[in-house]
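Notes follow the structure.
The values are calculated or read from the model by the stated rules, or taken from the named source; none is laboratory data. All values reported here derive from a predicted model rather than from experimental measurement. Glycine also receives a Cβ, built like all others from the backbone with ideal geometry; neighbour counts cover every protein chain displayed. Just the protein is used for accessible areas: all its heavy atoms, side chains included, with ligands, DNA and RNA removed. Shrake-Rupley method; radii C 1.70, N 1.55, O 1.52, S 1.80 Å.
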Protein chains: 2
Amino acid sequence: MNSVLQPFQSAAITVGPLPGSRKVHVPGPSGSRIPFREVALDPSCHEPPVRLYDTSGPYTDPDVQIAIDKGLPDIRSRWIEARKDTESYAGRTVLPEDNGHAAGIHSVPEFPHKRAPRRACNGHNVTQMHYARRGIITPEMEFVAIRENLLRQQAQETIDRLGPRDGVPWDSAIPDDITPDWVRQEVAEGRAIIPANINHTELEPMAIGRNFLVKINANIGNSAVTSGVAEEVEKLVWAIRWGADTVMDLSTGRNIHNIREWILRNSPVPIGTVPIYQALEKVGGIAEDLTWDIFRDTLIEQCEQGVDYFTIHAGVRLAYIPMTVDRVTGIVSRGGSIMAKWCLAHHRENFLYTHFDDICAIMKAYDVSFSLGDGLRPGSTADANDRAQFAELETLGELTRIAWNHDVQVMIEGPGHVPMHKVQDNMIKQKQLCGDAPFYTLGPLVTDIAPGYDHITSAIGAAMIGWFGTSMLCYVTPKEHLGLPDREDVRSGVVTYRIAAHAADLAKGHPAARVRDDALSRARFEFRWMDQFHLSLDPEKAKEFHDQTLPKEAHKTAHFCSMCGPKFCSMKITQDIRNEARREIEQGMQTMSQTFREHGAELYTPADS
Amino acid sequence: MNSVLQPFQSAAITVGPLPGSRKVHVPGPSGSRIPFREVALDPSCHEPPVRLYDTSGPYTDPDVQIAIDKGLPDIRSRWIEARKDTESYAGRTVLPEDNGHAAGIHSVPEFPHKRAPRRACNGHNVTQMHYARRGIITPEMEFVAIRENLLRQQAQETIDRLGPRDGVPWDSAIPDDITPDWVRQEVAEGRAIIPANINHTELEPMAIGRNFLVKINANIGNSAVTSGVAEEVEKLVWAIRWGADTVMDLSTGRNIHNIREWILRNSPVPIGTVPIYQALEKVGGIAEDLTWDIFRDTLIEQCEQGVDYFTIHAGVRLAYIPMTVDRVTGIVSRGGSIMAKWCLAHHRENFLYTHFDDICAIMKAYDVSFSLGDGLRPGSTADANDRAQFAELETLGELTRIAWNHDVQVMIEGPGHVPMHKVQDNMIKQKQLCGDAPFYTLGPLVTDIAPGYDHITSAIGAAMIGWFGTSMLCYVTPKEHLGLPDREDVRSGVVTYRIAAHAADLAKGHPAARVRDDALSRARFEFRWMDQFHLSLDPEKAKEFHDQTLPKEAHKTAHFCSMCGPKFCSMKITQDIRNEARREIEQGMQTMSQTFREHGAELYTPADS
């Protein structure tokens, strides 16, 4: 939109609540406030408001004045300082190559209110896992507990009716009630992570693990022509507005460092990156020129900024590369192919693998979580579950144990392209090889033949693998394989993945997941159109679609819809039937109910009688 | 578009092949030609053209002059006449109420080249099942065999590489080679149907059964304001262009009879209807006024026109209605609620149930197949798999056996809204209760919370249940629950369901399904952009999306894409790696391969070594 840089311009930021929702807060640890979204229903239904998990941060809170050059309110500094195991320090000097030597009109300005970074005091380990294993419940864990526990009370009615668990949980074990100490245990055992760099103090803590709500990630990245930091921050705000739980910044090219700073200071959700992308920029895009020193320096640069998790392709071992030679689509991961190229060029083992302990040592000083990258993931259904993929997964398991020795939090990345009958094997093998470390998959796409619709091909696999136990699903947009997503693509991708994640929660038997479905279905059945829109994942689109056929305001309370019209409406007929049946049943079973009994007694009457 | 009636205007009909495809034919039974779509690939890849199943009829054949007032070429009359078991007769007189008393400018003209209908000669049974059970291979069966067998030869390479079956077929048993006699057996045993009314002579026969390719259905219906028959025919043409295997005409209101005639005479795919909709129109929309006589007359009216399958809600028994009273969404099927209302109003058993033998007697005289309607399907995930749903399914099983006693072909309709963990139970119960009759499901939607995106929520369930053995998937468009679908919605719905059906074929291990995925993946990996577009389910959208980021013609042959750009491209890097690895391996394993061996031998080297 804006062709000149407008760093302090917040006009491009989408603010305000979704239609029919309002921001509510409940008290959190040490004066913090835990955000929810609440949908009030039409008074006619006498139902309580539906409270929803809320990823959108202060942007949907009308009481907060957004100023992206100030950043979001600091939530965590006092928690971190109270732990007395970190120190503030000058930090690494920002170098011209951190921003791709951007200069003049091409350069994005620095974020104006930079704070000095913190790191662990000498010898200390500041990861959530470290605290958890020592029995310490952090404010982050408390925050997560309250946030995840939110719907349990509302779910009581559902639980009463269907019994505590209507679902097939596979290996998940979702408790009725989430306590801070239970969160601590999940983190201690590596089954969940709380990605929360001590330098990302604006973060509203969240957990990724199979016994929590299934999470989704959205990827963003700078455009070839950066039009202004507000536009870059808006990509984040837009993604979390629709429900992204974490956001990965996959920017390349110029201004990476400065854009990331703007994003982090304005992000209430964990931010992930793939540090090798920036390292590669620093060596002019020549994979062979990468060195451990350049990579290490890039890690520290990003740790100081507050990145919450790093994708590290340490499993792409030299010996596995020949296994990809006869694949239909070889290596399709960018990070994987960069490392493969480096290995081959030097005929040496992947330096991320050989320096894995060194990487852990850095990450535990800031509490950055690993997202162990699947550089050899299949890029076509033909290559799914092959030797290369599972050889790498085995190494990721080995690396997980090393990271856990350092008390560094870990999740494992997964495919990719996998036909339906091979999806569950991925989950089973991941658990087998990587212990209980959370699985974080891209889709998987269950067929290769639908470019332009790959948010859908991948949502099928994502919903299934989420059900089987995957903790976070990385979204795919309709532009996958074809081009760069625009705003509408991001919205489609995020909403589609919220569908997959929620379908997984339902199928696992999450005790609160059904509350929203049932409330929406009741609204649908009772023709409370506005309630139906407000409870839906995309209230704006639902209303827009309804308006296309029945635009009048009166139609929003009409007891019919456009599919059947007033005369044919099955919902209306059923309501009549229900009223009639109830009335008759109440009338002492004199007439109709007697008929019912007679017919009930002859349930197997042959049709020709 | 057109506000006046333009019955002979074919300008609104979409004709011509999809980009990169051409129509090819192979010889079929008694001089017929079996249509396929062939995608030629770039000469650089030295791969044969990919032959695809083609539902689009003569509309995509540039050699055929389309004139909707003439209708499509007659394919089947000589087959039917050669069987010498049918007679031509005057047929029922069209009554004003057949068209909702439409008159003057509101009336759609009659199709100008109406033929006299045929029916079975006295005492004869003309169903494909009847012939099949007597060991007769009909031309319809031969046609289906060639049509379904098409890709088997091309699949040989895949079979050689992966073994004959890379899939989990559950109860399906898809043969390597499809012969006419095998088709006959499938039909004889009721495991497949060939919906083919003897009065639908324009039909290109196809089969629905779990050992055939998974099929999809698209629903169409007249708009409130009928703008012309060409527009109504275009809805059909548009749906089959994107891949609908059958089309249901769910029109209500005026002109139903005449519009249906235009549709049938121009349809190469089976047409299904819900006759109770028209019967209800004839009694002014008052369900209580429905009678067996009116319904019977409507059946005959539609049999004479050539409707290939009827949804009949004969399983909505009086005794089951009270089971729906405590549901979250009661009865959501239109037909189901109409019959429930009738039952309650009269306190009598459903007349479709009590007259089921009479219905069979009519249907076998024309070879109309049953689609036994699930009038009590769940309309919300809360109601899935409940007592009402399965009680009805049990009755559908009972009715299946009665229909089979008449040699009438049957498929069974299924839900609806079902969370993932309850999807497979639907397939298992259907098979248990209805023998091997094909299952035909609507979705199912795996969550209720995404109005505006229900093509996606339902494609997740559809792909899964298709894999488990469902034979045909009824599409859902993005407008489901909200409004009437427009052209783009129909396209989205059909393509989304082609994804679900194809994902199911892949997962079942259909021997030919992977040919298209592998060809497309190779094209993707080799940057044959045009091949990738042409092999995709929606070549137009794929190209359009690519153009949005990289519009230049040169980009269509560029060895990179917009995601990573030329410098970062993982595909390009991998191709370099592959070339390098192959070269080195060929060089007598002197350098790198030696390193590989060393590392291969120490696969479990600890990371810190």
Residues that are open to solvent by less than 40 Å² (accessible area, probe 1.4 Å), out of contact with any Leu (no Cβ under 8 Å at 6 or more places or on another chain), modelled with pLDDT of 75 or more and among the polar types (S, T, N, Q): does region B:510-522 have at least one? yes
Which listed residue is among the hydrophobic types (A, V, I, L, M, F, W, C) and closer than 24 Å to A:PHE527 by Cβ, from B:LEU506, B:LEU442, B:LEU433, B:LEU473: B:LEU442
Consider only pairs whose beta carbons are under 6 Å apart and that are at least six residues apart or on different chains; among these, list those whose first residue lies in region B:309-327 and is of a type in the set (Gly, Ala, Ser) and whose second residue is open to solvent by less than 10 Å² (accessible area, probe 1.4 Å). B:ALA314/B:LEU352; B:ALA314/B:TYR353; B:ALA314/B:PHE356; B:ALA314/B:LEU399; B:GLY315/B:GLU392; B:GLY315/B:THR395; B:GLY315/B:LEU396
Residues of region B:63-86 being in a loop (DSSP other than H, G, I, E, B) and free of Cβ contacts under 8 Å to residues at least 40 places away in the same chain, in sequence order, are B:VAL64, B:GLN65, B:LYS84
Of everything in region B:329-354 that's farther than 15 Å from B:TYR277 by Cα and more than 30 Å from the chain's Cα centre (by Cα), which residue is most open to solvent (accessible area, probe 1.4 Å)? B:ARG348
Residue by residue through region B:187-201, note down the ones that are buried (at least 22 other Cβ atoms within 10 Å of the Cβ) and touching a helix residue (DSSP H, G or I) at 6+ places or on another chain (Cβ under 8 Å). B:VAL187, B:GLY190, B:ALA192, B:ILE193, B:ILE194, B:ALA196, B:ASN197, B:ILE198, B:ASN199, B:HIS200, B:THR201
Within region B:257-285, can you find the residues that are in a helix (DSSP H, G or I), of a type in the set (S, T, N, Q) and over 24 Å from B:GLY336 (Cα atoms)? B:ASN258
Enumeration of residues in region B:63-97 that are at positive phi, more than 28 Å from the chain's Cα centre (by Cα) and buried (at least 16 other Cβ atoms within 10 Å of the Cβ): B:GLY91
Criterion: under 21 Å from B:TYR309 (Cα atoms), touching a Pro at 6+ places or on another chain (Cβ under 9 Å) and in the same structural domain as B:ALA365 (by the TED database) - qualifying residue of B:ARG92, B:ARG133, B:ARG152, B:ARG165: B:ARG92
Checking B:GLY483 against (1) closer than 25 Å to B:ILE220 by Cβ; (2) modelled with pLDDT of 95 or more; (3) not aromatic (Phe, Trp, Tyr), which single condition isn't satisfied? (2)
Among the residues of region A:26-52, how many are in contact with a Pro (Cβ under 8 Å, 6 or more places away or on another chain) and acidic (Asp, Glu)? 1
Scanning region B:112-136 residue by residue, those surrounded by fewer than 18 Cβ atoms within 10 Å (Cβ to Cβ) and of a type outside the set (D, E, K, R) turn out to be B:PRO112, B:HIS113, B:ALA116, B:CYS121, B:ASN122, B:GLY123, B:HIS124, B:GLY135, B:ILE136
May I ask you to verify whether A:GLU232 is buried (at least 24 other Cβ atoms within 10 Å of the Cβ) and at pLDDT below 95? yes
Looking only at region B:524-533, count every residue that is more than 10 Å from chain A (Cβ to nearest Cβ) and part of a helix (DSSP H, G or I) and tell me the total. 2
Residue that is assigned by the TED database to the domain that holds A:ARG119 and surrounded by 24 or more Cβ atoms within 10 Å (Cβ to Cβ), where the choices are A:ASP357, A:ASP308: A:ASP308
State the number of residues belonging to region B:296-328 that are over 15 Å from B:ILE256 (Cβ atoms) and among the charged types (D, E, K, R). 5
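Let's see how each residue does on (1) under 19 Å from A:VAL108 (Cβ atoms); (2) open to solvent by 10 Å² or more (accessible area, probe 1.4 Å); (3) within 14 Å of chain B (Cβ to nearest Cβ):
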| residue | (1), (2), (3) |
| --- | --- |
| A:PRO175 | no, yes, no |
| A:TRP182 | no, yes, no |
| A:LEU213 | no, yes, yes |
| A:ALA218 | no, no, no |
Here the residues within region A:476-500 that are open to solvent by 10 Å² or more (accessible area, probe 1.4 Å) and touching a residue at least 60 places away in the same chain (Cβ under 8 Å) are A:LEU484, A:ARG487, A:VAL490, A:ARG491, A:ARG498
Determine if region A:559-571 includes at least one residue that is modelled with pLDDT under 80, open to solvent by 60 Å² or more (accessible area, probe 1.4 Å), under 30 Å from B:ILE402 (Cβ atoms) and facing chain B (nearest Cβ under 8 Å). no
So which residues in region A:291-347 are in a helix (DSSP H, G or I), facing chain B (nearest Cβ under 8 Å) and hydroxyl-bearing (Ser, Thr, Tyr)? A:THR324, A:SER337
Any residue in region A:537-544 that is open to solvent by less than 30 Å² (accessible area, probe 1.4 Å), farther than 25 Å from A:ARG165 by Cβ, part of a helix (DSSP H, G or I) and not basic (Lys, Arg)? yes
Among the residues in region A:44-52, are any open to solvent by 50 Å² or more (accessible area, probe 1.4 Å), modelled with pLDDT under 95 and of a type in the set (D, E, K, R)? yes
Count - residues of region B:430-452 that are more than 27 Å from B:VAL183 (Cβ to Cβ) and either among the β-branched types (Val, Ile, Thr) or open to solvent by 10 Å² or more (accessible area, probe 1.4 Å) (or both): 3
Residue within region B:127-149 that is of a type in the set (Lys, Arg) and more than 27 Å from the chain's Cα centre (by Cα) present: yes
Closer than 27 Å to B:VAL410 by Cα, more than 7 Å from every other protein chain (Cβ to nearest Cβ) and at pLDDT 95 or above, is that true of B:GLY493? yes
Flagged in region A:348-359 as assigned to a helix (DSSP H, G or I) and among the polar types (S, T, N, Q), in numbering order, are A:THR354
